[in-house]
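Quick notes on the structure that follows.
The values are calculated or read from the model by the stated rules, or taken from the named source; none is laboratory data. Keep in mind that this is a model prediction, so the values were computed, not measured. Here the Cβ positions follow ideal geometry from the backbone for every residue, glycine too, while neighbour counts run over all protein chains shown. All accessible areas refer to the heavy atoms of the entire protein, side chains included, with ligands and DNA or RNA removed. Shrake-Rupley method; radii C 1.70, N 1.55, O 1.52, S 1.80 Å.
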Amino acid sequence: MSNGTTTLTKNQRLIDWVNEMATMTTPDQVVWCDGSEEERKRLTEYAVSKGILTPLNQQKHPGCYLHRSSSSDVARVEHLTFICTPTKDEAGPTNNWMAPDEAYTKLRGLFAGSMKGRTLYVVPYVMGPLNSEHSKIGIEITDSVYVVLNMGIMTRMGKPALDMLADSETFNRGLHCTGDLNPERRYICHFPQDNAIWSFGSGYGGNALLGKKCLALRIGSYLGQKEGWLAEHMLILGVEDPSGRTTYVAAAFPSACGKTNFAMMIPPKRFDGWKVYTVGDDIAWLRVGEDGRLWAVNPENGYFGVAPGTNWQSNPNAMKTLTKNSIFTNVAVTKDNGVWWEGFDGEVPDELTDWKGNPWKKGSTEKAAHPNSRFTAPASNNPMLSSHVNDARGVPISAIIFGGRRSTTIPLVMQSFNWAHGVYLGATMASETTAAATGAQGVVRRDPMAMLPFAGYNMADYFSHWLAMQKRIPYPPKIFMVNWFRKDKAGKFLWPGYGDNMRVLKWIIDRAHGSVGAQESLFGWVPKQGHIDLSGLDIDPAKVDEATHINEAEWKDELLSQRQFFEQFGDRMPRTLELIRQELLSRLPE
Ligand code: OXD
Ligand code: MN
């Protein structure tokens, strides 16, 4: 084994840790990644030579490659994801818990000798803008060249991270090995107190690209509570109005509920002169700025987006973003070696190669692309990328939006009465499950702040932290709730969604600036008739009324089911939220 010496860093604690991990995993060689273009080319060629990546049609998709994962490794595995805090209570009832000693012992057994015959890559990376106080440094050790190439897109990777780290010992220690991809030997373990992540047995993004869900959300949320900031599953966008004023909004939607589409939205014709800029499509780190406002950075540097449903209609900016230098995972391939997925533009081709590499014929009952197939694309490809993504202090947030995928009950849009009520709206969010995680789909589950799978500590303490943040933010953003997914009795969506969500966003922004009125409803402020601009939209206003309607019977069930959710946290649950629930319930007729 080469000893893995490097000229890239003199950080002895880092070098010692890498050597310790190499001694355990016994790779054939250790390669430190510098993040250079030359390295990207070399590793890509290597991945192609091993069949890990396949070049796509280079005329249609320059610099793009296809990866097919093992068919049992296609999504996050929440049941195999553990928060390893000293006590079970610190992880809370919504997380799987393993005692740190037990987890280290179990995983050491799996990692021991696991990289024999393989290369151990050392991937230094920064989450957040370089040299920002918001940012965190991670080192991911991995045996997967696919992971290295994805990390190169998703993070600021390589030498700049080591330069920023210098000789500090404060970095996230991430250890990842694909093992034999056997789901029986798959564990995604987080050690918040050690700032460490050990992930074994999966190559899937959310399990294996450790900067994303593991560091930026699970470990990040724990650090946020300790250090007085928030790590959230939120997109960040900026809306520029015709006068040139830009207002920034952060929005939490569960996985595969349209965060990327919302973050890259193109306003409809009626909004001539309005522009939406993307800051981030998945994660926001929020801190109180010197001016007393809440400021946000996107810790990521690329998009790991859901492919199915993405097309020139639903998200033209995403289509432009993924035209070059992107990695596609588990999509289908056309005869001329282009990409395809369900919901792609144009006619369904007669023949395709499906995500498993098998021939596929039009009319097949099987999906050609996996429902959770993904593109990994550099943020710099996005034509509407905000010019502030690399700003060390981030962007100031005027509104926070919580949204779920709910066929019933939840109205199109509602503003909270105040911060605590806004936290309550976030804490009681629920959504129908999607293909982004393994398990049944379309089942309504509580997903507070879209963070259920991503809170790195007890969710009740997380709610308390949100409530406590109020005192730290002299000029807090206004908080809203949206639901683009409400359906009528025939099962049809009541609201067109996509670019037309701009109409709702405009009301939200105007509310944030105090420049439009609202109607008080039992459960929050809602737009008055006429506040949501429907001009140029072919929609029956009765549908909009139905989308915004509050059905008291449905709300009664909703409030009762929220109680069950709160109860599992016992005494740790902040009383404020339960009292708000009771007060709202008391407004309903017996
Ligand atoms: C994601 C997810 O990949 O939330 O962003 O699963
Ligand atoms: Mn996500």
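Structure values in brief
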quantity	calculated
Filtered residue count, the range 188-199, keeping only those that are out of contact with any Pro (no Cβ under 7 Å at 6 or more places or on another chain) and open to solvent by less than 10 Å² (accessible area, probe 1.4 Å)	7
The range 535-590 - residue that is within 19 Å of V423 (Cα to Cα) and in a loop (DSSP other than H, G, I, E, B) and, of those, most open to solvent (accessible area, probe 1.4 Å)	Q568
Qualifying positions in the range 421-449 - touching an Asp or Glu at 6+ places or on another chain (Cβ under 6 Å) and open to solvent by 20 Å² or more (accessible area, probe 1.4 Å)	G442, V444
Tally of residues being over 17 Å from S326 (Cβ atoms) and more than 16 Å from ligand 1 (Cβ to nearest atom) across the range 282-315	14
Of the criteria (1) under 21 Å from R156 (Cα atoms); (2) assigned to a helix (DSSP H, G or I); (3) in contact (Cβ under 8 Å) with a residue 12 or more places away in the chain, which one M21 fails	(1)
Set G92, G113: member being among the small types (G, A, S) and surrounded by fewer than 18 Cβ atoms within 10 Å (Cβ to Cβ)	G113
Test for N458: is it more than 16 Å from ligand 2 (Cβ to nearest atom), polar (S, T, N, Q), in the same structural domain as Q568 (by TED's automatic domain parsing) and open to solvent by 10 Å² or more (accessible area, probe 1.4 Å)	no
Subset tally (residues that are within 16 Å of ligand 1 (Cβ to nearest atom) and under 20 Å from S561 (Cα atoms)) for the range 447-466	7
L452 open to solvent by 10 Å² or more (accessible area, probe 1.4 Å), within 15 Å of ligand 2 (Cβ to nearest atom) and either outside the structural domain of A251 (by TED's automatic domain parsing) or touching a residue at least 40 places away in the same chain (Cβ under 8 Å) (or both)	yes
Within the range 339-363, tally of residues that are farther than 17 Å from V306 by Cα, open to solvent by less than 50 Å² (accessible area, probe 1.4 Å) and not β-branched (V, I, T)	4
Qualifying positions in the range 282-297 - open to solvent by 10 Å² or more (accessible area, probe 1.4 Å) and either outside any strand (DSSP E or B) or within 15 Å of ligand 2 (Cβ to nearest atom) (or both)	D282, G289, E290, D291
Tally of residues being open to solvent by 40 Å² or more (accessible area, probe 1.4 Å) and assigned to a loop (DSSP other than H, G, I, E, B) across the range 24-34	3
Residue among T376, T310 that alone is among the β-branched types (V, I, T) and part of a loop (DSSP other than H, G, I, E, B)	T310
Residue count, the range 236-281 (criterion: among the hydrophobic types (A, V, I, L, M, F, W, C), within 13 Å of ligand 1 (Cβ to nearest atom) and either open to solvent by 10 Å² or more (accessible area, probe 1.4 Å) or outside the structural domain of R406 (by TED's automatic domain parsing) (or both))	1
Looking only at the range 408-420, and only at residues there that are more than 26 Å from R76 (Cβ to Cβ) and in contact with an Asp or Glu (Cβ under 9 Å, 6 or more places away or on another chain), the one that is least open to solvent (accessible area, probe 1.4 Å)	T409
